[in-house]
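The values are calculated or read from the model by the stated rules, or taken from the named source; none is laboratory data. Note that the structure is predicted; figures quoted are calculated from it, not measured. Cβ: placed from backbone, ideal geometry, glycine included. Neighbour counts: every protein chain shown.
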Amino acid sequence: MNSEEGSAKKRGKRGNGSIRKTKYGTYEYRISYYDEFNKRRVKSFTCATVDECVDRAEKFKEEQKRKKTRYVNMNATVSEILRNKARVDYEKNHTGEQGYDRTLSTIEILERGGIGYMRIADIRPLQIEEYLSSITYYSNAVIGKIYSLLRSAFRIAYDAKIIEFNYMLMPELRCPRSDKPDKKVRALTDEEQRALLEVLENHSVQYGRNDYKLQLLIELYSGLRMGEINALRPENIHLKKGYIHVESTVSRGLDNRPFIKAGAKTYAGTRDVPISRTLRPILEKALADAKPNPYRLLFYDYGKDSVIETTQVNCFFRRVTEKAGIPITGQHALRHTFATRCIEAGVPAVVLKKWLGHTDIHITLDTYADVFARMDFSATDKFDDLMESMELGWTTEP
């Protein structure tokens, strides 16, 4: 055994590597290791000297260790764990730009509350309880996201053996409820819908400002989300076949910029929505008015040279509803109005689910439960008509 080989045996762990001299006069150092997926693998390093081989092997093993624990270390804070998990999920396409940005925003809330900057190994149940009690001024939707991220951070830390007990699994550490009542978007009444249509028909847009009338009418008569409407291209409108193909939406990127996202809001969002007789002339006008733009969109902000965001349409809608005397400020009410009219017209829930792009029939049933319940009462008229036609009803007449 020469001095180089002896050096390798002293520096390397017994059984973890083997050294041999090649016929070219170099040295090959072979080690076994477990990758980030816990699979056993073999790696060889060929260098001029044994020391170089061992150095390269040690650096390689350190890199593998970082891969296995790249968002977990014994001194990790809640924020560090969550930010790295969010980044990894984004890199692996488990979340898109919009989801990644929203997660980072929620992590910032944890940081503002102080708990985000704490070493997760130092956090105790009392501190978690105090923090959860301090966030009740947020909406239930935001509280749910905060609570979910905290549970995720503690699960990761427990799996990595940073903490001995996952306190977030304690039954007393329940998700708090908001001090604020949940906002419920309601549909327009028949009278409000007539008033809105009258104002839209007579409303004149100032020179240099965008006109969003057609987008609002498309939402009212198709139920499409405004982001989906603003992402429509002429080729998505199939007038002869009678449907709109929804395949994209307007989202916000990491730098807060709007962009056209391939695919709708949910996996069920990519769908074909029928074109009603009421909707057809509106789409025909939109196609006739469309001008060339970089994204080939049906609607485009030519003044800003950018895609149109939902917030822009909301501002216009607010002005219109104020003029019409309607106490509704969000254009999403038009989507609910479409769904309500469909239910009143007898469209089955399973069909409406597909038109609206809901992922589950229960979302449709839960969202419009009050409308379905109201329609249940009118079903007795159909029952009475059937009984009378079959002469099976009881009568008090002699």
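Tabulated data for the structure shown
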| item | result |
| --- | --- |
| Only one of D289, D272 that is touching a His at 6+ places or on another chain (Cβ under 7 Å) and among the charged types (D, E, K, R) | D272 |
| Selection from the range 183-234 of residues that are touching a Gly at 6+ places or on another chain (Cβ under 9 Å), surrounded by fewer than 22 Cβ atoms within 10 Å (Cβ to Cβ) and among the acidic types (D, E) | E192 |
| Residue in the range 121-142 that is within 18 Å of the chain's Cα centre (by Cα), surrounded by 15 or more Cβ atoms within 10 Å (Cβ to Cβ) and free of Cβ contacts under 8 Å to residues at least 40 places away in the same chain present | yes |
| Within the range 302-327, tally of residues that are surrounded by 15 or more Cβ atoms within 10 Å (Cβ to Cβ) and aromatic (F, W, Y) | 2 |
| Index of the failed condition, G6 passing every other in (1) under 30 Å from D159 (Cα atoms); (2) modelled with pLDDT under 65 | (1) |
| Conditions (1) more than 20 Å from Y212 (Cβ to Cβ); (2) in contact with a strand residue (DSSP E or B) (Cβ under 9 Å, 6 or more places away or on another chain): number failed by I343 | (2) |
| Pairs, first more than 30 Å from R374 (Cβ to Cβ) and in the same structural domain as F317 (by TED's automatic domain parsing) in the range 189-218, second buried (at least 18 other Cβ atoms within 10 Å of the Cβ) and among the small types (G, A, S), C-beta under 6 Å, six or more apart | L214/A286 |
| So E129, is it more than 25 Å from P171 (Cβ to Cβ), outside the structural domain of S248 (by TED's automatic domain parsing) and not basic (K, R) | no |
| Identity of the residue in the range 141-169, more than 19 Å from R87 (Cβ to Cβ) and assigned to a loop (DSSP other than H, G, I, E, B), that ends up modelled with the lowest pLDDT | K161 |
| Meets criteria (farther than 18 Å from S32 by Cβ, in contact with a strand residue (DSSP E or B) (Cβ under 8 Å, 6 or more places away or on another chain) and not small (G, A, S)) for Q98 | yes |
| Pairs where the first residue, in the range 164-177, is over 13 Å from R124 (Cβ atoms) and the second is part of a loop (DSSP other than H, G, I, E, B), C-beta under 6 Å, 6+ apart | P176/T136 |
